[in-house]
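**Q** Quick one: structure below, then a few questions.
All of the numbers you see were taken from the coordinates with simple rules; none came from a lab. Predicted, not measured: the structure shown is a model, and the values here were computed from it. Don't worry about glycine lacking a Cβ; one is built from the backbone with ideal geometry, like all the others, and counts go over all protein chains shown.
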Amino acid sequence: MKSQQSSTEEDEYELSRSVHCWWRSAAKFDECVKLKYDLPNVSSLTPRLKVLKEMERLALIAPEGLNELRHKLQMYRSGDFWVPVGGISKEEMDIPPTITILLVGFTGSGKSSLVNLMYSVLGRSGIIPFAQTSLGSSSNYTTMLMEEHNVSRNMKSGFCVYDSRGFMYDQMGENLAELSSWMTDGVHHNQLCLRPGDNALTKLEMENLTLKPTSKFVRRRVNFVMVVANIAEIYNASKAGDFKPLEAIRELFCSTVLRKSNENPLLILTHGDMLSTEERIDGRLKICEWLDVSETTGVYDIVCLTEYGYLAEESDPVTAYALTEAVYRALVISDRGHFPKKNMWDWGVVILSWVMCFFAAFFGCLADICSKLGQKEKLLKL
């Protein structure tokens, strides 16, 4: 009797784990399974099969790869993934003490939920300081301050994650201007994010809530950006004929502001559990088509379960590994993108260029004045 009961419990456990392999109920999954034994040229696969193959890759690596990759992130120090090039040593590179990953996206895209999931997957010691989200105590809550999170829960951690205020679909000009200021001037914990549309009461409340900067938090240079998108909202809107969310996410993802810092920013798709299997795949394919990016490379479909109290590595190891791989990839790209420190010769060239620009502007103005005076004398003679 006990053996039968234990067998039933094991079957239920396996069933609960297999539920999260949502892609296995897709219509084309049987065709994807055959590819394990007969591997054709990947470039000849259809986009749908590429997505299924990518999900199977994550499922194959997740059970054993999660702990190894998580350990690398917990032991990570800024610059660990830098590769020597051109005979330049690591000491000559301009590597910040902490790599900063910035989460950007539109309101309700799931940025704060993603931070909670990072705490759950990467920060496994002590009490987890969950970030407040729109599904928290207040249904209309939105992040108003820049929030710095040490998601690995390690005092010597070499990276941090910043949660930002969500953008609005109908304010793309203001959105890109604000993003440009973050990328140029850096970000600071508790930095106020006010918008032209905020009412006076909201501004007063947030100014009173803004904490004074402390020595613990310093202004940080943004090293990498993750774009977070609500796949359910975008798919349902486009299905109803409203392409504004799809166009807005393309304008954000493909903006020159992001391309200057990250040639290939990562795209994190959330809230996929609100769609059926086929809708989830269709939504991913549609978004990738509009963004003109690969269906698999740099795109992660992540369901943030931690808001409901479930640890991702226990209930959904594939999602936990996908999130860990996304953070790992962000750090690798950041470390490979550092520039050499400026020496005296570099500063001399900069100063010389400024002097040359000054003389060019001075003589240009002088030529313009002389030209106007000459025309004036001609008119007087006539």
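**Q** Count the net charge of all other residues whose Cβ sits under 9 Å from the Cβ of T100, scoring Lys and Arg as +1 and Asp and Glu as -1.
**A** Taking every other residue near T100 into account, the sum is +1.
**Q** Something else about it: Relative to the present Cα-Cα distance, how much length would full extension add between E31 and T184 at 0.36 nm per residue of separation?
**A** 50.3 nm
**Q** Provide the gained length on full extension for the span Q171 to K286, in nm with one decimal, where the gain is 0.36 nm per separating residue minus the Cα-Cα distance.
**A** 39.1 nm
**Q** Determine, from the Cβ-Cβ distance of V332 and K372 and an R0 of 56 Å, the FRET efficiency 1/(1 + (r/R0)^6), rounded to the nearest 0.05.
**A** The value I calculate is 0.45.
**Q** Of K28/K53; K111/K260; K111/K239; K239/K286, which ones are farther than 19 Å apart at the Cα?
**A** Result: K111/K260; K111/K239 exceed 19 Å.
**Q** Going through the stretch 213-292, which GluC sites (Glu not before Pro) have at most 11 other Cβ atoms within 10 Å and a DSSP loop state?
**A** Qualifying residues, ordered by number: E263.
**Q** Contour minus end-to-end for D273 and W354, with contour as 0.36 nm per residue of separation and end-to-end as the Cα-Cα distance?
**A** Roughly 23.6 nm would be gained on extension.
**Q** Sticking with this one: Within the set of other residues whose C-beta is less than 13 Å from the C-beta of V332, count the net charge using Lys and Arg as +1 and Asp and Glu as -1.
**A** Summing Lys and Arg as +1 and Asp and Glu as -1 gives 0.
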